[in-house]
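This is the structure I have questions about; it appears just below.
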């Protein structure tokens, strides 16, 4: 991908992603039709999945270690307007502190597969019980610069759940409308040069619906989301990546 302006140069350890200039907004691409984002349409999509063509499959490697498998749950809540559950990680964590993320983490030895890991992590992090989930299937593996091979697992979630965030790992849980994420006009491209290597990500700015762990009643707030998340194709979901950075 080429941009009209040179990439911003700054060391990521001190970089605030939202301060990196926006290089491009994908207003030239059409949004995914709302009819393709209904539960039945998504079920049909994953029952006969296409040959996914993700725009971004891997970050440039910046850590020299053996690859580790991980999984995240892309939990689509079947509300009148479908939403996606996201979390904000606590500030004291040794890795990814303060970041916005899908529920998920590394595969444990006891996990049968990526699906089991995504479900386990979702329960451990936010208390989302598997009885509310209808699994649809995986999206292509995304490789992070820190050598994680992340499998996104997409699931429909029946409303009525009560979340109980793990305060040691999660400081907030909220939802973002799926239609917003699947509209390229809300996708902004950023690029930074670190150690001589261009690093590219997408961002969106949206309103979040933050869920009360006790009541499950939405409360509205403002959130800036910086992500490589869902890139739509002509008929439905594209590829989901591991992490959304705030």
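Hey, what did the stretch 95-207 get for relative contact order, percent, Cα under 8 Å, at least 6 apart? Walk me through the intermediate numbers first.
Values: 130 pairs, mean separation 19.3, N = 113.
It comes to 17 percent, rounded to a whole number.
For 30, 203, what's the fewest-to-most ordering of other Cβ within 10 Å of each Cβ?
On the way: 30 12, 203 23.
Ranking 30, 203 by Cβ neighbours within 10 Å, fewest first, gives 30, 203.
Hey, can you rank 58-68, 104-114 by average C-beta count inside 10 Å, highest first? Can you show the working numbers first?
Numbers: 58-68: 11.6, 104-114: 15.0.
Per-residue Cβ counts within 10 Å, averaged per peptide and sorted highest first, yield 104-114, 58-68.
Something else about it: With label points built 7 Å along Cα→Cβ from the Cα atoms of residue 29 and residue 79, find their separation and express it in nm.
2.4
Suppose the chain between residue 162 and residue 130 were pulled fully straight at 0.36 nm per residue; how much longer would it get relative to their current alpha carbon spacing?
Working: separation 32, 0.36 × 32 = 11.52 nm, distance 1.22 nm.
In short, 10.3 nm is gained.
So what is the orientation-averaged projected area of the stretch 22-112, using the convex hull of its C-alpha atoms, in nm²? Could you put the intermediate results ahead of the total?
Details: hull surface 39.6 nm².
For the stretch 22-112, the mean projected area of the Cα convex hull comes to 9.9 nm².
Using the basic label-point model (7 angstrom from Cα toward the beta carbon), what is the residue 19 to residue 116 distance in nanometres?
Distance between label points: 4.5 nm.
By how many nm would the segment from residue 38 to residue 66 lengthen if fully extended, with 0.36 nm per residue of separation less the alpha-carbon distance?
Values: separation 28, 0.36 × 28 = 10.08 nm, distance 3.93 nm.
Length gained between residue 38 and residue 66: 6.2 nm.
Here's something else I'd like to know. For residue 108 and residue 189, FRET efficiency with R0 = 25 Å and r from the beta-carbon atoms, rounded to 0.05? Show your work: numbers first, answer last.
Details: r = 35 Å, r/R0 = 1.41.
Efficiency, from the Cβ-Cβ distance: 0.10.
Every read-out reported here was derived from the displayed coordinates using simple, explicitly stated rules and does not represent laboratory data. Keep in mind that this is a model prediction, so the values were computed, not measured. No Cβ is skipped: glycine too gets one built from the backbone with ideal geometry, and neighbour counts run over all protein chains shown.
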